[in-house]
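Here's the structure, in structure tokens; my notes come after.
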Amino acid sequence: KQWYQRRVAITPGRIMKGVLVFLVLVAVSACQDEEASVFDSMRESFVMFKLGFDFYMDNNVLEPSTASGFTADVEQALAYVEQQLCVHAVGECDPTDSVILGCNCVNAFQEQSKIECAAVPCTLFSIVKSSGPVLKQLVEEDSWERLAEIVLDNFYIPVTTILCYCPGAFSATATCAADYDGQLFMFMENGTDIEPVYREVIDKLDLDTITEVVETLFTASCGEIDGVNCYRRHAETIVETVRILANSVNTEYDPTACDTIKRHQALFEDYMNAWDYSTVDSTELKKYVNRLVNAFLNMERANICDEDCAEYFADTFYGCCAKHA
């Protein structure tokens, strides 16, 4: 059988908020011991997540003996996807040979003003295809800061570089979603049931507005301000945010230091508790969101407006690129 016929196991504004959201979801789901602090739960959740990631990578994805660093199955899958994404970077699209993207998507990328931007799907995929050694680094590393640096240096910065040069990729992607005519659903288990649901969801989304928002966010990150590359500066800010979180779960770190959330632990715990959806009625979604936003703003305000730490937060999070954004 071909690889796709069987189940292959491949399954700054407020930068701090995005990182916190991920850790909140993981920590809340793992917080079983009522005596454990929220930071204990975050630390234990990270350990469990990392163990699961390492096990999956070592047993399903990575193979040290190959040049790519991937197993034979993964190499075969990547080769097939590469053929699909890269063969139509130029030239007329053949529907029978564009299984993954579909011709509407291929044509949308080819219609961008910069001819080289037609190859964005292929260029982005090349980052994935060459990521074997990077994934191995992630398996071997345990430091939160170093893990963040590896992800940002090898994924965030290359991807952002491409998308900043080809901002039309966002509208092209919206076209891919709205007018999808590929055959990807046929490879999925229960794909014939999933496709109608997908179409229904897409029809309800305001893709034009979503595209405009995403393009605006990327515009704020692209370019240079006073000689500073903004998306590289944003990456440094994310690393610093991760360092703050690492300090916060370190039982030996000074809880009164500016670079730890423990300085305002009660407000952070209020924010964590605000994520609890178990007691919220389905008709009270607005009330739930307001509670969540207010808890976050209270926590953020206490941290960044703390008189003793104002200089640290200003230097770390509010440079020229943040003001530009």
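The values are calculated or read from the model by the stated rules, or taken from the named source; none is laboratory data. Only a predicted model underlies this, so the values are computations on that prediction, with no experimental measurement involved. Quick reminder, even Gly has a Cβ in these numbers, built from the backbone with ideal geometry, and neighbours come from all protein chains shown. Heavy atoms of the whole protein, side chains included, go into the accessibility calculation; ligands, DNA and RNA do not. Shrake-Rupley method; radii C 1.70, N 1.55, O 1.52, S 1.80 Å.
Here the Karplus curve 6.51 cos²θ - 1.76 cosθ + 1.60, taken at θ = phi - 60°, turns the phi angles of segment 152-165 into couplings of 5, 5, 9, 10, 4, 5, x, 5, 5, 4, 5, 6, 5, 6 Hz, with x standing for Gly and Pro.
For the chain, report the accessible area per residue in Å² (1.4 Å probe, heavy atoms, rounded to an integer).
56 Å²
Segment E111..N294, full-extension length gain: 61.5 nm, with 0.36 nm per residue of separation and the alpha-carbon distance subtracted. Spin-label model, F313/V197: points 7 Å from Cα along the beta carbon direction are separated by 4.1 nm.
Grouping the Cα pair distances of the chain into 20 Å bins from zero gives a pair-distance distribution of 24, 57, 19, 0 percent in increasing distance order. What the Kirkwood sum gives for segment 98-161 is a hydrodynamic radius of 13.6 Å, with every pair of different alpha carbons counted. Based on DSSP H segments of at least four residues, each scored -39500 (n - 2.57), the chain has a per-residue ellipticity at 222 nm of -19000 deg cm²/dmol.
The string of couplings for segment 68-82 from the Karplus curve (6.51, -1.76, 1.60, θ = phi - 60°) is 7, x, 9, 5, 4, 4, 5, 4, 5, 5, 5, 5, 5, 5, 4 Hz, one whole number per residue in order, with x for Gly and Pro.
Its Cα centre serving as origin, the chain has a Cβ charge dipole (Lys and Arg +1, Asp and Glu -1) of approximately 300 debye.
Database remark: amide H of F70 closer than 5 angstrom to the amide H of E63 (H placed geometrically; neighbours at sequence offset of 5 or more, or on other chains; Pro and chain starts carry no H).
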